[in-house]
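Step one of this worksheet: look at the structure below.
Coordinate-derived values only; no laboratory data. Not measured: the values here are computed from a predicted model. Virtual Cβ from ideal backbone geometry, glycine too; neighbours counted across all protein chains shown.
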Amino acid sequence: MRIEMASLPGDPQRPNEDWASAALPASGQGGVLVVLDGVTPPAGGDGCTHGVPWFTARLGGRLTELSGSRRNMTLAQVLAEAIGRTADDHRTSCDLSHVRTPQATVVLARWDEERFDYLVLSDSVLLLRAPDGTVTAVRDDRLDRVPRAVLGSAAATDALRNAAGEPLAFFTAAADPAVAARAVTGSVPRAAVTAAAALTDGATRWTDTFHEGGWPECLDLLRTEGPRALLDRVRARESGPGPVPRGKRHDDASAVYAEL
C-alpha cells in the first residue's frame, strides 16, 4: 500500500485551514483517509474564540481516530459523533449558533479486505479508480448549484449554509451533528477500488477551474508525480495571467493519494 499527502496554505502569512490525515490499522489490512477544508469566515467574525485551524484540527483528529477504531459505526455516524465532541469542546466559550461558526468540508474514506466506504460533504472531492482504469469522482454538488451571484453576497450565502428546507441549501460540518445525514455516502466492494484520492477545492482547481485535465488525468498525475506536484501545478496556474479563480487567487490546497 502506498499513501502520500501534501498541503499548502493559500497565503504563507496565514494558517493553513485544511486538514489531511491517513491511518493504517496494526493488522495491515485496510486504512482511513480524512481531508477537511476549513471555511474561512468573511470579515465580521464567526462567534468563536479559537478559529478555523483549531476547529479542523479537533474535528480531523476525531474523524481519524473514530474512523479507524470504531469499525462498527458507519461513516455518517462517525461524522456525527466527531462533530458533537468537537462542539462540546467550545460550547461554553463560543457562540455555536452563529451562522459562521467554524466549519469545514469533509472527505472520509475507510476500507478493509471486503468493503470500501466513503463520505463526502460539500465541495471537496473523492476520486476512485477501478481495476479497469475507470475513474469516478464522488462529489456533493449542492454548492455548485448555487448561482454565482448569490455566492458573491456573504449575507445571501449565509442564508443557505446548513439551511434545511431551503431548495438551494448546502451543508458543511459545523456544530450540529445532524448534518452528517446530509452527506453523500456509499460503499463498494474493496476489489472495485485500486486507488483513491481526496482533494480540497484548492487542489481540484487543476481540473475544475483551469481545465488542465479531467479527473482520470488528475489521478494519473497523483500516481506518477505525487500530491505535491499537483499542488505546485495549481499554484503555477494561479500565479499566471488570467482572471482570479472564484473566491480568491490562492486557496489552501490539500491532496491525499492512496494506492491500494
The size of the Cβ-based charge dipole (Lys, Arg +1; Asp, Glu -1) of the range 1-128 about the Cα centre, to the nearest 20 debye, is 200
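Using helices alone, I'd like the mean residue ellipticity at 222 nm for the chain: each DSSP H run of four-plus residues gives -39500 (n - 2.57), total over residue count, nearest 500.
Calculated from helices alone, the mean residue ellipticity at 222 nm is -9000 deg cm²/dmol.
So what is Rg over Rh here for the range 1-143, counting just Cα atoms and using Kirkwood for Rh? If you can, show how the numbers build up before the last one.
On the way: Rg = 16.0 Å, Rh = 16.3 Å.
That ratio equals 0.98.
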Which cysteines in the chain lack any other cysteine whose Cβ sits under 4.7 Å from their own Cβ?
CYS218
Sparse-neighbour loop sites [trypsin sites (Lys or Arg not before Pro); the range 19-83; at most 15 other C-beta within 10 Å; DSSP]
ARG70, ARG71
Counting only residues 5 or more places away or on other chains, whose amide H sits under 5 Å from the amide H of LEU260 once H atoms are built in the peptide plane?
ALA195, ALA196
Can you give me the three principal axis dimensions of the range 2-259 from its C-alpha atoms, in Å, biggest first?
48, 48, 36
Going by how many other Cβ atoms sit within 10 Å of their own, how do GLU225, GLU238, GLU212 line up, fewest first?
GLU225, GLU212, GLU238
Magnitude of the Cβ-charge dipole (Lys and Arg +1, Asp and Glu -1) of the chain about the Cα centre, nearest 20 debye, reported as 120
Extent of the range 112-257 along each principal axis, from alpha carbon coordinates, in Å, largest to smallest?
44, 42, 22
Specify which residue in the list ALA192, VAL179, THR209 is farthest towards the positive end of the charge dipole of the range 168-260, using unit charges on the beta carbon of Lys, Arg (+1) and Asp, Glu (-1), about the Cα centre.
VAL179
List the GluC sites (Glu not before Pro) within the range 12-106 that fall in a DSSP loop (any state other than H, G, I, E or B) and whose Cβ has at most 11 other Cβ atoms within 10 Å.
none
In the chain, helical segments from DSSP H whose Cα atoms cover 24 Å or more along their own axis and that average at least 0.0 on the Kyte-Doolittle scale are 52-69
Output the Cα-based Rg and Dmax of the range 197-250 in Å, rounding Rg to one decimal and Dmax to a whole number.
10.6, 30
